[in-house]
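This report concerns only the one structure given below.
The values are calculated or read from the model by the stated rules, or taken from the named source; none is laboratory data. Here the structure is a predicted model, which means the values were calculated and not measured. Note that we place each Cβ from the backbone using ideal geometry, even for glycine, and neighbour counts take in every protein chain shown. Surface areas here come from the heavy atoms of the whole protein model, side chains and all, with no ligands, DNA or RNA. Shrake-Rupley method; radii C 1.70, N 1.55, O 1.52, S 1.80 Å.
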Amino acid sequence: MVEVVDSSRRGRRTLVMVAAAIAIVFGLLTISSGGQALFGGAVARAAVGNAVDFVLWFNFGAGFAYVLAGIGLLTRYRWAVALSIVIAAATVVVFAAFGVHVVGGGAYEMRTVGAMALRSAVWIGIAVVANRQ
């Protein structure tokens, strides 16, 4: 008897593995850059300019969750799907809070707008892919 392999199922599994790898790499880069900005001293802190502290701390902490979610997706744990959704939602909430900060006249760096938009898009995408596995 010949086993028929569902190519769409294999394609979804491959897509989840790619999403997991992106999550892990993105997480490691986030931990590195956030750690440098937070703990790298006065010169490193000056280099980030008008970084918004709550966004900086959120992103640094979230980097660890990114790695955990990526490992969970690679190993096909169900909780990783929920974690991916929570990361996506939390990122959007922090992005909205950042928007309130900006509208309220708070100092910020324009690159934070781009970075938060990218983070939101990446995690919404990962959550969608993970949820469809």
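Only one entry in 62, 46 is part of a helix (DSSP H, G or I) and open to solvent by 30 Å² or more (accessible area, probe 1.4 Å), namely 46.
The combined condition, being surrounded by 15 or more Cβ atoms within 10 Å (Cβ to Cβ) and not β-branched (Val, Ile, Thr), is fulfilled by residue 20.
For every residue, the table says whether it meets (1) in a helix (DSSP H, G or I); (2) farther than 26 Å from residue 133 by Cα; (3) not acidic (Asp, Glu).
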| position | (1), (2), (3) |
| --- | --- |
| 12 | yes, no, yes |
| 23 | yes, no, yes |
| 30 | yes, no, yes |
| 36 | yes, yes, yes |
| 67 | yes, no, yes |
| 71 | yes, no, yes |
| 99 | yes, yes, yes |
| 106 | no, yes, yes |
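Here is the figure for the range 108-133: residues that are over 27 Å from residue 76 (Cα atoms) and either among the acidic types (Asp, Glu) or in a loop (DSSP other than H, G, I, E, B) (or both) total 2.
Annotation: residue 92 fulfils all but one of (1) under 28 Å from residue 21 (Cα atoms); (2) open to solvent by 30 Å² or more (accessible area, probe 1.4 Å); (3) out of contact with any Ser or Thr (no Cβ under 6 Å at 6 or more places or on another chain); the unmet one is (3). Checking the structure you have, find out if any residue of the range 66-73 is exposed (fewer than 15 other Cβ atoms within 10 Å of the Cβ), out of contact with any helix residue (DSSP H, G or I) (no Cβ under 6 Å at 6 or more places or on another chain) and either closer than 19 Å to residue 33 by Cα or not small (Gly, Ala, Ser) (or both). No, because not a single residue in the range 66-73 is exposed (fewer than 15 other Cβ atoms within 10 Å of the Cβ), out of contact with any helix residue (DSSP H, G or I) (no Cβ under 6 Å at 6 or more places or on another chain) and either closer than 19 Å to residue 33 by Cα or not small (Gly, Ala, Ser) (or both). Restricting attention to the range 74-89, and to residues there that are in a helix (DSSP H, G or I) and in contact (Cβ under 8 Å) with a residue 40 or more places away in the chain, which single residue is surrounded by the most Cβ atoms within 10 Å (Cβ to Cβ)? In this case the residue turns out to be 84.
Counting only residues that are over 11 Å from the mean Cα position of the chain (by Cα), within 27 Å of residue 49 (Cβ to Cβ) and open to solvent by 30 Å² or more (accessible area, probe 1.4 Å), the range 100-131 holds 13 of them.
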